[in-house]
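Let me begin by presenting the structure, written as structure tokens, before commenting on it.
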Amino acid sequence: VRLTGQARVVLAHASVVQAQFERARAELAAFADGTIGTVAVAGFSTAISGLVAPAIRSLACTRPGITVTAVEIEPPDLFTRLDSGDLDVAVAVDHRRVPPRNDPHYHRIDLLSDPMEAALPVDHPLAGAAEVELADLAGDVFVSAAPGSSCFEVTLGACASAGFNPDVRHHSTDWHAVVSLVAAGCGVALVPRLAQPLARPGLVLRPLAGRGAARNIFVAVRAGAQDEPVLAATLDALIEAAHACDAAAEAVLC
């Protein structure tokens with residue numbers, strides 16, 4: 001019995017094929033352990049800077065085989081792309097444009113209650129107050145985030161709860177631009193603590209009195225996906241980042 005020419009060609013590749021097969025087995029085992037994989041995360045800008053970026057940094061140290069991509073997207077596109085599988089993880093703020101808390105299509109975890117503070121020009125009558133009643137800003141012009149964004153919706157909701165509809169004349173997707181307009185005397189704003197520090201000449205930031213207003217930030221994945229090891233590790237990293245934000249805020253208040 002002699003090997004054919006075709007057999008000798010196959011044997012020449014056998015060791016390479018075997019090595020590749022072993023690498024595939026090793027990678028599948030690593031994926032099952034949650035040590036390698038890819039995750040696409042999306043959310044609003046301050047969530048990316050304050051939560052997603054720290055989570056990526058943590059994963060780079062603890063699970064360097066996980067590759068995370070981040071992109072800024074707001075609802076409703078955020079959940080449309082999560083549903084289609086273009087995204088794996090969505091970070092969002094509770095408001096009227098997101099799915100309800102009990103939606104069975106998603107597994108969600110509350111991450112952070114992010115207080116809103118009043119940004120005032122330094123010569124505003126309430127600039128020297130220890131805290132500001134939101135209702136006392138009813139007569140002011142407002143600077144706000146872009147219409148339709150989560151922070152715009154939170155601002156409208158908070159003002160409605162305080163008994164007025166804000167006169168919003170200026171919009172920006174950049175919080176530094178928002179507070180620059182406030183410092184220039186163009187109006188007042190509600191800015192989230194997660195977006196800070198935003199200090200600049202001509203600007204003061206004051207807490208809101210009482211319960212004030214806050215963004216409830218949560219993370220969501222498709223229902224059932226939370227048990228996938230790579231996604232579970234990513235969720236844990238986001239929860240850890242949120243706890244760190246809470247601890248930092250408490251330290252500042254103390």
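Descriptive notes on the structure:
- Figure legend. Inter-residue proximity from segment 162-178: first residues over 13 Å from Ala189 (Cα atoms), second residues at pLDDT 95 or above, beta-carbon distance below 6 Å, spacing 6+ or different chains. Indicated pairs: Ala162/Leu134; Ala162/Ala135; Gly163/Ala135; Phe164/Ala138.
- Annotation note: Cβ proximity below 9 Å between a residue of segment 1-29 that is surrounded by 10 or more Cβ atoms within 10 Å (Cβ to Cβ) and a residue that is modelled with pLDDT under 70 and of a type in the set (Ser, Thr, Tyr) (sequence gap 6+ or interchain) occurs for no pair.
- Residue in segment 113-127 that is more than 23 Å from Ser49 (Cα to Cα) and not in a loop (DSSP other than H, G, I, E, B) present: yes
- Test: residue in segment 121-129 that is open to solvent by less than 30 Å² (accessible area, probe 1.4 Å), among the charged types (D, E, K, R), over 13 Å from Arg222 (Cα atoms) and touching a residue at least 24 places away in the same chain (Cβ under 8 Å): no
- Among residues of segment 221-247 that are touching a residue at least 60 places away in the same chain (Cβ under 8 Å) and closer than 24 Å to Asp114 by Cβ, none has a Cβ under 9 angstrom from a residue that is assigned to a helix (DSSP H, G or I) and aromatic (Phe, Trp, Tyr) at a sequence gap of 6+ or on a separate chain.
- Within segment 113-125, the set of residues being of a type in the set (A, V, I, L, M) and touching a helix residue (DSSP H, G or I) at 6+ places or on another chain (Cβ under 6 Å) comprises just one member, Ala119.
- When each of Thr46, Thr62, Thr80 is tested for being open to solvent by 50 Å² or more (accessible area, probe 1.4 Å) and modelled with pLDDT under 95, the lone residue that passes is Thr62.
- Residues of segment 30-39 that turn out to be at pLDDT 60 or above and either open to solvent by less than 20 Å² (accessible area, probe 1.4 Å) or among the aromatic types (Phe, Trp, Tyr) (or both), as a count: 3
- Hits in segment 84-104 (condition: exposed (fewer than 14 other Cβ atoms within 10 Å of the Cβ) and either over 20 Å from Leu238 (Cα atoms) or not acidic (Asp, Glu) (or both)): Ser84, Gly85, Arg96, Pro100, Arg101, Asn102, Asp103, Pro104
- Here segment 105-115 is the region considered, the condition is being under 12 Å from Ala220 (Cβ atoms) and open to solvent by 70 Å² or more (accessible area, probe 1.4 Å), and the residue that is modelled with the lowest pLDDT is His105.
The values are calculated or read from the model by the stated rules, or taken from the named source; none is laboratory data. Just so it is clear, the model here is predicted, and its values are computed rather than measured. Ideal geometry is used to build each Cβ from the backbone, glycine not excepted, and the neighbour counts take in all protein chains shown. Remember, those area values only see protein heavy atoms, side chains included, never the ligands or the DNA or RNA. Shrake-Rupley method; radii C 1.70, N 1.55, O 1.52, S 1.80 Å.
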